[in-house]
Amino acid sequence: MQPMASTTPRTTIKRAPERAVVDRETLYAVLDAGLVAHVAVVEDSQPFILPVGYARLDDQIVIHGSSASRLFRRLGEGQPTCVTVTLLDGLVLARSSFESSMNYRSVMILGTARRLEGAQELTALRAISDHLLPGRWADIRPPAPQELKATMTLGLPLSECSVKVRIGGPEDLEEDLADPVYSRVWAGVVPLIESFGAPEPDELSRETEVPDYIGRWRRA
């Protein structure tokens, strides 16, 4: 495993540290499996959380939004941010409410984003399309100049981040396992699986064959 040199004192996991994962391959795997990131930004002392589509491009994540957005402008101006990506893999049903939990894979990234322009921006926009809609870029019209002008594209390096993963079943207390009532309660894991549904064509596409690449889309 390649050590994740991006772990810092600010991103060292203190609560349930045994769930910390410090190899870069897992960091990449979680980011490559997710579709939505939550991005923190502060405006006039008020914190906001923005849900955005994203992609991992080498050793950074890239996001885009409206260049008219005051919140995106704050990020483009260099305001520090915190970005999270979470994959929920299952509900963990224990014999007590306190020990009930979730199985998950999560990433937290701290840092300052930089605005991408020119060829870097186009590369990032294609990466986002390829991540969210694999195979689609070759079929569709690329961004026009006025559309690029209306878009702000940002890159955030993976230079300070943490990964936390929970797997496995419930961790019941010994007294609950021995209790004559609660030991008979069903416990275990209910997996949570996301999947793509059947494509629904618009009016112009009712007689058009669905592209093969859509049928290959899977959630990791």
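Here, each number is a calculation from the coordinates, and none is a lab measurement. This one's a predicted model, so the numbers in the text were calculated from it and none came from an experiment. Don't worry about glycine lacking a Cβ; one is built from the backbone with ideal geometry, like all the others, and counts go over all protein chains shown.
What are the residues in the stretch 66-89 that are assigned to a strand (DSSP E or B) and in contact with a strand residue (DSSP E or B) (Cβ under 6 Å, 6 or more places away or on another chain), if any?
THR81, CYS82, VAL83, THR84, VAL85, THR86, LEU87, LEU88, ASP89
Please work out if VAL83 is within 15 Å of the chain's Cα centre (by Cα), closer than 24 Å to THR11 by Cα and either crowded, with 19+ Cβ neighbours inside 10 Å or polar (S, T, N, Q) (or both).
Considered against the rule, which asks whether it is within 15 Å of the chain's Cα centre (by Cα), closer than 24 Å to THR11 by Cα and either crowded, with 19+ Cβ neighbours inside 10 Å or polar (S, T, N, Q) (or both), VAL83 comes out as yes.
Counting just the residues of the stretch 175-220 that are among the basic types (Lys, Arg) and in a loop (DSSP other than H, G, I, E, B), which one comes out surrounded by the fewest Cβ atoms within 10 Å (Cβ to Cβ)?
ARG206
Given the condition β-branched (Val, Ile, Thr) and farther than 23 Å from ARG114 by Cα, answer yes or no: does some residue in the stretch 33-47 qualify? First the steps, then the outcome.
So in the stretch 33-47, the residues β-branched (Val, Ile, Thr) come out as 36, 39, 41-42.
Add one more test, that the residue is farther than 23 Å from ARG114 by Cα, and what stays is none.
Looking through the stretch 33-47, none of the residues is β-branched (Val, Ile, Thr) and farther than 23 Å from ARG114 by Cα.
Just one of ARG95, ARG105 is basic (Lys, Arg), in a loop (DSSP other than H, G, I, E, B) and either touching a strand residue (DSSP E or B) at 6+ places or on another chain (Cβ under 6 Å) or surrounded by 17 or more Cβ atoms within 10 Å (Cβ to Cβ) (or both); which is it?
Numbers: ARG105 fails: in a loop (DSSP other than H, G, I, E, B).
Residue meeting the stated conditions: ARG95.
If I filter the stretch 24-36 for residues that are part of a loop (DSSP other than H, G, I, E, B) and in contact with a Pro (Cβ under 9 Å, 6 or more places away or on another chain), do I get at least one hit?
Of all residues in the stretch 24-36, those part of a loop (DSSP other than H, G, I, E, B) come to 34-35.
Checking which are in contact with a Pro (Cβ under 9 Å, 6 or more places away or on another chain) leaves us with none.
The answer is no; no qualifying residue exists.
(1) over 27 Å from TYR28 (Cα atoms); (2) surrounded by fewer than 12 Cβ atoms within 10 Å (Cβ to Cβ): which one isn't true of ASP172, the others all being true?
(2)
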